[in-house]
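Working notes for the structure below.
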Amino acid sequence: MRFTEKLLAASEKNDSLLCVGLDTDISRLPKHLLNSDNPVLGFNRAIIEATADLVCAYKPNTAFYEAMGADGWRVLKQTIEAIPSHIPVIVDAKRGDIGNTARMYAQAFYRGLGADAVTVNPYMGFDALKPFLEYPDKCAFVLCLTSNAGAKDFQYLPSKGKPVYEHIAQKVVGWSKNGCCGLVVGATYPEQLRRIRQIAPKLPLLIPGIGVQGGDLEAVSRWGTDRQGQLAIINSSRAIIYASDGTDFAQKARVAAERLKERINLCRK
């Protein structure tokens, strides 16, 4: 099954555009988990079990696992294996390097970890991203307009009458003929999101910035989707997984996820 088909199937099954980010910081785990053999994996499994019927995807960020040292990669792989097989897994790694190195990155994420998609950086151009597009059932989400304040340092710079992020969106539409591509577009810039969706009407959009970062949920739900109200992956991490630091953390995460899912559906319908 190709990535877009898997995404649409999960989205339809759960009636959801919500993606839960598994950005698990061991310093923020409930204290009762810290004495267990593998607290991060235990936490992640509980979050997944509590929310798997509410999401269209999960998005673990590699930084939180790399920071764990030698055990981090193993825990990340075990986390991905704990996610139901019908739900897409987007590994947030933001990789981008020359072709031979990119080929190894693609192999590590797609074959080694079993990810369905990975986020990539377009700064070095198509040849650096091409290895990620050579897997017919996978998807490369290209950074287009990020949700942080520093996005304006480069991504808004004018070039031939258009900001850089528009050039990126147009390039990725062309690159998608070589394999599945998506775009990462922050929820904190709704007008720009609307323009990017116009440029790329058929690409899946990964949209971070809802929740703690204060993105405009109504605008994102309306303008981030395609004409069928699909192909938007609206990510929330901290606001869901850290909804409680007590023994009820998984139940509270479910409540937070369900509320956000319902708000998204209300806005898009």
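The values are calculated or read from the model by the stated rules, or taken from the named source; none is laboratory data. Please read all numbers here as calculations on a predicted model, not as lab measurements. Neighbour counts run over all protein chains shown; Cβ positions are idealised from the backbone, glycine included.
What to note about this one:
- Residue match in the range 211-221 (condition: within 12 Å of LEU18 (Cα to Cα) and out of contact with any helix residue (DSSP H, G or I) (no Cβ under 9 Å at 6 or more places or on another chain)): no
- Restricting ALA102, ALA108, ALA169 to those that are without any contact (Cβ under 8 Å) to a residue 12 or more places away in the chain and either closer than 26 Å to VAL55 by Cα or in a helix (DSSP H, G or I) (or both) reduces the list to ALA108.
- Of all the numbered requirements in (1) out of contact with any helix residue (DSSP H, G or I) (no Cβ under 9 Å at 6 or more places or on another chain); (2) without any contact (Cβ under 8 Å) to a residue 60 or more places away in the chain, GLY114 misses one, and that requirement is (1).
- Residues in the range 117-129 that are without any contact (Cβ under 8 Å) to a residue 40 or more places away in the chain, closer than 26 Å to THR24 by Cα and not β-branched (Val, Ile, Thr): ASN121 only.
- Meets criteria (out of contact with any Asp or Glu (no Cβ under 9 Å at 6 or more places or on another chain), of a type in the set (A, V, I, L, M) and in contact (Cβ under 8 Å) with a residue 40 or more places away in the chain) for ILE47: yes
- On the stretch given as the range 98-110, residues that are within 12 Å of GLY125 (Cα to Cα) and at pLDDT 95 or above total 1.
- Restricted to the range 214-269, the set of helices (runs of 4 or more DSSP H) holding at least 3 residues that are crowded, with 21+ Cβ neighbours inside 10 Å and modelled with pLDDT of 95 or more comprises 249-268.
- Evaluation of TYR165 against the conditions (1) surrounded by 21 or more Cβ atoms within 10 Å (Cβ to Cβ); (2) farther than 25 Å from LYS59 by Cα shows that the sole unmet condition is (2).
For every residue, the table says whether it meets (1) surrounded by fewer than 22 Cβ atoms within 10 Å (Cβ to Cβ); (2) under 25 Å from MET1 (Cβ atoms); (3) touching a Cys at 6+ places or on another chain (Cβ under 8 Å).
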position	(1), (2), (3)
TYR65	no, no, no
GLY72	yes, no, no
THR79	no, yes, no
PRO84	yes, yes, no
ILE87	no, yes, yes
GLN107	yes, yes, no
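- All positions within the range 58-91 that are assigned to a strand (DSSP E or B) and in contact with a Lys or Arg (Cβ under 8 Å, 6 or more places away or on another chain): VAL89, ILE90, VAL91
- Among residues that are touching a residue at least 12 places away in the same chain (Cβ under 8 Å), part of a helix (DSSP H, G or I), under 25 Å from PRO204 (Cα atoms) and of a type outside the set (A, V, I, L, M, F, W, C), LYS94 is not included.
- Of the residues making up the range 48-57, just one is among the β-branched types (Val, Ile, Thr) and part of a loop (DSSP other than H, G, I, E, B), namely VAL55.
- Enumeration of residues in the range 1-28 that are over 12 Å from the mean Cα position of the chain (by Cα), among the small types (Gly, Ala, Ser) and surrounded by 17 or more Cβ atoms within 10 Å (Cβ to Cβ): ALA10, SER11, SER16
- Hey, ALA115 assigned to a loop (DSSP other than H, G, I, E, B), buried (at least 21 other Cβ atoms within 10 Å of the Cβ) and not aromatic (Phe, Trp, Tyr) or not: yes
- Some residue of the range 151-158 being touching a residue at least 40 places away in the same chain (Cβ under 8 Å), in contact with a Phe, Trp or Tyr (Cβ under 9 Å, 6 or more places away or on another chain) and either among the charged types (D, E, K, R) or not in a helix (DSSP H, G or I) (or both): no
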